[in-house]
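The values are calculated or read from the model by the stated rules, or taken from the named source; none is laboratory data. If you're wondering where the values come from, they're calculated on a predicted model, not measured in any experiment. Counting neighbours? That spans all protein chains shown, and the Cβs are built from the backbone with ideal geometry, glycine included. Side chains are part of the model used for accessible areas, which takes the heavy atoms of the whole protein and leaves out ligands, DNA and RNA. Shrake-Rupley method; radii C 1.70, N 1.55, O 1.52, S 1.80 Å.
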Amino acid sequence: MSLLRATGRPMLASMFVAGGLDSLRNAEAVAPVADPVVQPVTARVDALPDSTVRAVRLNGAVQVAAGVLLGIGRMPRLAALAIAATLVPTTLAGHRFWEEEDPEQREQQRIHFLKNLSMLGGLLIAADDTAGSPSLVWRGRHGTRDVRRRTRLAGYAVRARMPRLPKS
């Protein structure tokens, strides 16, 4: 693993581990802010809990678990995608700068919104990072070409070894 990956992943993950722990501990305090975003989503997705407090805790648990996995470099692509999926509703619930009346609060919420948007970009880059190894799509495509090439070469070898019949 490169030095940049070894240091960058834990740095990126740290915010989500800390934020996820806070959501787990203080879900009741976060729930009123999250409710306008959570309720429409839970109404459409049966797998999610109906309670906003439980949805906030679930979101926090995913952030902690995926943050730890990203930080230690285990399943980093999947972990980055999981965190990205939790970051979208977190940002939409917590940083609704367009609804703020106070100009100072609006600016602070806009800064946090853009910070989260930047972290989402970093997570998407991390989710796409194959750590120098070819992606599964690349391996599949090149594996198929390799099989075709080997089959063609085997056919040539078989034809070369077949006895030639005399012309009549």
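Hand me the trypsin sites (Lys or Arg not before Pro) from segment 84-168 located in a DSSP loop with no more than 14 other Cβ atoms within 10 Å, in residue order please. Spell out each step's value before the answer.
Details: sites: Arg96, Arg106, Arg110, Lys115, Arg139, Arg141, Arg145, Arg148, Arg149, Arg150, Arg152, Arg159, Arg161, Arg164, Lys167; in loops: Arg96, Arg164, Lys167.
Those that pass, being in a loop and sparsely packed, are Arg164, Lys167.
Among Gln109, Val56, Val33, flag the residue with its Cα farthest along the positive direction of the charge dipole of segment 1-111, charges on Cβ as +1 for Lys/Arg and -1 for Asp/Glu.
Result: Val56.
What three numbers, in Å, describe the spread of the alpha carbons of segment 91-168 along their principal axes, ordered from the longest?
The Cα atoms of segment 91-168 stretch 99, 24, 14 Å along the principal axes, largest first.
Which of the following values of Cα Rg over 2.2 N^0.38 Å was calculated from the structure shown: (i) 1.29; (ii) 0.99; (iii) 1.65?
(iii)
Specify which residue in the list Val88, Leu136, Ser14 is farthest towards the positive end of the charge dipole of the chain, using unit charges on the beta carbon of Lys, Arg (+1) and Asp, Glu (-1), about the Cα centre.
Leu136
Just to be sure I follow the definition: excluding the sites themselves, where is the longest run in the chain that has none of the GluC sites (Glu not before Pro) in a DSSP loop with at most 15 other Cβ atoms within 10 Å? Each step should come with its number before you reach the end.
Numbers: sites that count: Glu100, Glu101.
Maximal segment without exposed cleavage sites: 1-99.
Can you pull the percent of the chain's accessible area that's carbon plus sulfur, 1.4 Å probe, other chains left in place?
On the way: 7180 of 11490 Å².
Carbon with sulfur: 62 percent of the solvent-accessible area.
Can you show me the helix-derived [θ] at 222 nm for the chain, built from DSSP H runs with n ≥ 4 at -39,500 (n - 2.57) apiece and divided by the number of residues, rounded to the nearest 500.
On the way: 6 runs with 133 residues, N = 168.
Taken over the chain, the calculation gives -27500 deg cm²/dmol.
What does the charge dipole of segment 31-138 about its Cα centre add up to, to the nearest 20 debye, if the Cβ of each Lys and Arg holds +1 and the Cβ of each Asp and Glu holds -1?
Numbers: 9 positive and 11 negative charges, 93 e Å.
I would put it at about 440 debye.
Among Leu136, Leu114, Leu124, whose mean-square fluctuation peaks in a Gaussian network model of the chain (Cα, cutoff 10 Å)?
Leu136
Could you work out how far helix 52-72 tilts from the main Cα principal axis of the chain, as a 0 to 90 degree angle to the nearest 10?
50
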